[in-house]
Amino acid sequence: MKKNKLIKKIAKQTGLKKKKSENILNSIVNIITKELGNKKEISINGFGDFKIVRDEMRIILSKSNIKTVIPPKETLNFIPRNIF
Amino acid sequence: MNKSNIVSAISIRFILNKDEAKKTVDNVFKIMTESMKDNKSLNIPKFGKFKLISSETGKDKFVRFLPSKKLSKKINYDFSDLEKKELSYSEPESVKVKDEFSYTISKEFLKQKKESEGSGENLSQVKDEIAAGEENTKKLISDELVKLHHEIIEFSQGNQEGSNNLWG
């Protein structure tokens, strides 16, 4: 589903205007993005958790005996808290 | 951070009271969940994509979230400038096999040598002596000692001639 359809649904359910629904959705997404940017985890009851996971630096050895260093990386994990 | 923080922020930004804000936020997440179930995917630009994946049996279903490039970059900001790197391996010095036997002569030894022989020998002469002295090392007893031994025997046994001994 695309964002537009989602906004329409929100507007229908809440009774708010389409523009206001869009603003509210954007606001929620921005708050989540900002908090994740500050390395803070987010837990939403009845929806799910957003967690930051770090893969540590590692060295891999190829068959031709070449060592490659893979740098550390931080990625985002979503753990759903709802029965789908 | 949890849902109540989001509700507070929304109530402030959109000038709603807390109940209204809570209802709205709850609705938003509820509709997101429903749309995931119905459409099997929900795409929010600049945030990410929620995908509903069913297992092989088709009974178990779970949601996977794929963050957008923008969000991934933001989260990996600390390490974003690092890349894969191949290491070039070179043998350390200690592991390399030495081609020739090398040694250093201590200063004390040189001093002693100089004092005992009183000659102006220098380092290279001494080195040459030691290097070329293989024949000397085969002898267990020096010539001087052997000579001394002869003298002692001659003296102790008088002038006996034809004495057979190992050294005679």
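The values are calculated or read from the model by the stated rules, or taken from the named source; none is laboratory data. Quick caveat, the model's predicted, so the values are computed rather than measured. Heads up, the Cβs are rebuilt from the backbone with ideal geometry, glycines too, and the neighbour counts pull from every protein chain shown. Accessible surface is based on the protein model in full, side chains and every heavy atom, while ligands, DNA and RNA are left aside. Shrake-Rupley method; radii C 1.70, N 1.55, O 1.52, S 1.80 Å.
Determine the sum of side-chain charges near A:ASN23: Lys and Arg each +1, Asp and Glu each -1, restricted to other residues whose C-beta is under 11 angstrom from that of A:ASN23.
+4
Set the Förster radius R0 to 25 Å, insert the Cβ-Cβ distance between B:PHE79 and B:ASN5 as r into 1/(1 + (r/R0)^6), and round the FRET efficiency to 0.05.
E(calc), rounded to 0.05, equals 0.35.
So how exposed is B:LYS30, as accessible area in Å² (1.4 Å probe, rounded to 10)?
Surface open to solvent at B:LYS30 totals about 100 Å².
Relative to the first principal axis of the alpha-carbon coordinates of chain A, what is the inclination of helix A:3-14, with its axis defined by its Cα atoms, in degrees from 0 to 90 and to the nearest 10?
Approximately 40 degrees, to the nearest 10.
Express the accessible area of chain A per residue in Å², computed with a 1.4 Å probe while the remaining protein chains stay in the model.
I get 62 Å² per residue for this part.
Which entries of A:LYS18/B:LYS49; B:LYS37/B:LYS74; A:LYS2/A:LYS73; A:LYS17/A:LYS39; A:LYS5/B:LYS49; A:LYS3/B:LYS51 show an alpha-carbon separation above 26 angstrom in the structure shown?
B:LYS37/B:LYS74; A:LYS2/A:LYS73; A:LYS17/A:LYS39
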